[in-house]
Each structure stands twice: as structure tokens, then as C-alpha cells.
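Novice: For reference, the structure I am asking about is given below.
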Amino acid sequence: MRYGAILRACRERAGWNQEEMAFQLNVNQSDVSKYENDRKEPLISVFHKWATVTNSQDVLVAYMAGVEGVTILANILATMGTGIIGFIKLGGFL
């Protein structure tokens, strides 16, 4: 599954660069780059922490529920900072 673009969108929505994200996750910046470019698959614990520190838990729920990546990205862009309520209103789970 391609998840890199979703992770990048969550990071950018939080307003962080890769170095700041790496600090939050306690990993190297190169790992963040690999995750975002689909060259390394994050453990579920890393994915969970990524969603938590970027306040993107709605994305984690959608991902785990099998919502298509394009739908997740569209909703991230449409709801920049609104969280799960905006996601549901846009039909992310319908």
C-alpha cells in the first residue's frame, strides 16, 4: 500500500519539515524521507505516533478502515486542521 503521500500530507498539515517530524518520532530525518517516499514501511507504532503528534488521528482511523489513499488525501486537503468532524462531513467514511 502506498502511504507516503498520506504521511507527508499529515506532516505538512502540522506545518513541520522532515527534521521536525524526525525529532517528534525520535528517528533520523532520512527515515522520515524513506517513509514519505514509500521506500520504507513504518511499523504501526510509528504510523500511530505520526498521526498523534500531527493531530491526524482521523487519518489513522481512515487508513485502518481501508479508506482509499486518494480519498484520505482529498479530505486532508479539504479539512486542513478541522479534524474528524470535517472528514465525516465530506463523506470520508461513506
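The values are calculated or read from the model by the stated rules, or taken from the named source; none is laboratory data. Since the structure is predicted, the reported quantities are computational estimates derived from the model, not experimental observations. Remember, those area values only see protein heavy atoms, side chains included, never the ligands or the DNA or RNA. Shrake-Rupley method; radii C 1.70, N 1.55, O 1.52, S 1.80 Å.
Novice: State, as an integer percentage, the relative contact order of the range 1-46 based on alpha-carbon contacts under 8 Å between residues 6 or more apart.
Specialist: Worked out over the range 1-46, it gives 41 percent.
Novice: Would you tell me the accessible area of Arg13, worked out with a 1.4 angstrom probe on the heavy atoms of the protein chains, in Å² to the nearest 10?
Specialist: Estimated to the nearest 10 Å², Arg13 gives 40 Å².
Novice: Could you sort Ile6, Ile44 by their accessible area in this structure, using a 1.4 Å probe and putting the largest first?
Specialist: Heavy-atom accessible area, descending, gives Ile44, Ile6.
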